[in-house]
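One structure below.
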């Protein structure tokens, strides 16, 4: 187990290093010059060049990368190029909101997707199965920002509830959850549809296994066969999808936060992209990528807990 964990952590470090290289290279392909954000209208070429030198943008790219990554591994994310603020405090302030939103969306998706998949798998080909499958395929075609925009539109035409804005969880937990409910639903619906499909397929496969027929021959009720025997074994592929979806939800909050005016990682990243703020973009990408890697590592370690038959070889 220790050897396996060490290998997985080592691979995760390599993935994060490759991600840092890609992030550093990709942000410099974004149109725009950060120096222009500091320059006055009509500034001369010499003035802009002086600003670039002051920001360190005139140095070779390799030197810029080495300096940035050396400071990054020490916990220093640098200073924003377009605002006089340190990036680390900004991320520490905004990340909890994005993570809370992703967790809420995942919980909602699990509460909808997994039971729906189990219900559909009980009678494959029935009208219930047809309705569940049709609904899941339909909901998969909707992007979260479209669902969010529709929720905002419907709310503005009907009940007029406050579904935008943010209150920290530590200040008012109930109001914080209620304000995040609409954006969480926007993120959760496509994920729930995906979980429903995977749960259905996995449950159908398990319900056809010999041990289920044996349990039926011994007089076990349908509910016992499903929840006592089949569900636990069917969760293995679903757990993998949950890990991938949670990582995707962290990144998926970017657009939804913009729709609902939430001050999370999404608004920070979008603002940085609009002003070509290289250090902020790089820091956001690395933090989101690190979250994704850590979640997938945790999911790998959950396999033996979900199903005792699964054992990690040395």
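Since every read-out is calculated from the coordinates, none of them should be taken as a lab result. None of these values were measured; they are calculated from a predicted model. Note: ideal-geometry Cβ built from the backbone for every residue, glycine included; neighbour counts use all protein chains shown.
Computed on segment 88-306, with alpha-carbon pairs under 8 angstrom and 6+ residues apart, the relative contact order is 29 percent. Size of segment 134-250 from its Cα atoms: along the principal axes, largest to smallest, the extents are 56, 33, 28 Å.
Segment 224-257 and segment 93-142 have Cα centres spaced 9 Å apart.
Estimated at 0.36 nm per residue, the fully extended path between residue 155 and residue 21 surpasses their Cα-Cα distance by 43.9 nm. Compute the angle between helix 127-140 and the longest alpha-carbon principal axis of the chain, please, reported from 0 to 90 degrees and rounded to the nearest 10. The two axes meet at around 10 degrees. Listed peptides 99-110, 63-74 appear in the order 99-110, 63-74 once ranked by packing, highest mean of other Cβ atoms within 10 Å at the front.
At full extension, residue 244 and residue 142 could sit 34.9 nm farther apart than now, given 0.36 nm per residue minus the alpha carbon distance. For segment 172-289, the relative contact order comes to 23 percent (Cα pairs under 8 Å, sequence separation of at least 6). Tell me the label only: which of (1) 22.5; (2) 20.6; (3) 19.9 is Kirkwood radius over Cα pairs in Å as calculated from this structure? Comparing each candidate, only (1) matches the computed number. How far, in degrees from 0 to 90, does helix 144-157 lean away from the longest principal axis of the Cα atoms of the chain, to the nearest 10? Helix 144-157 and the main axis of the chain meet at about 90 degrees. Our helix-only sum for the chain, with -39,500 (n - 2.57) per DSSP H run of n ≥ 4 divided by its residues, gives a mean residue ellipticity at 222 nm of -25000 deg cm²/dmol.
Calculate, in nm to one decimal, what residue 67 and residue 217 gain on full extension: separation in residues at 0.36 nm each, minus their alpha carbon distance. Intermediate results must be reported in sequence, preceding the final value.
Numbers: separation 150, 0.36 × 150 = 54.00 nm, distance 6.82 nm.
Computed gain between residue 67 and residue 217 is 47.2 nm.
Taking Cα atoms only, the orientation of helix 87-122 departs from the longest principal axis of the chain by about 20 degrees. Most tightly packed first, judged by the mean number of other beta-carbon atoms within 10 Å of their residues, the peptides 16-29, 244-257 read 244-257, 16-29. Using a Förster radius of 35 Å, what is the FRET efficiency between residue 59 and residue 9 based on their Cβ-Cβ separation? Nearest 0.05, please. Result of the calculation: an efficiency of 0.60. Using the Cβ-Cβ distance between residue 228 and residue 46 with R0 set to 45 Å, the FRET efficiency from 1/(1 + (r/R0)^6) comes to roughly 0.05.
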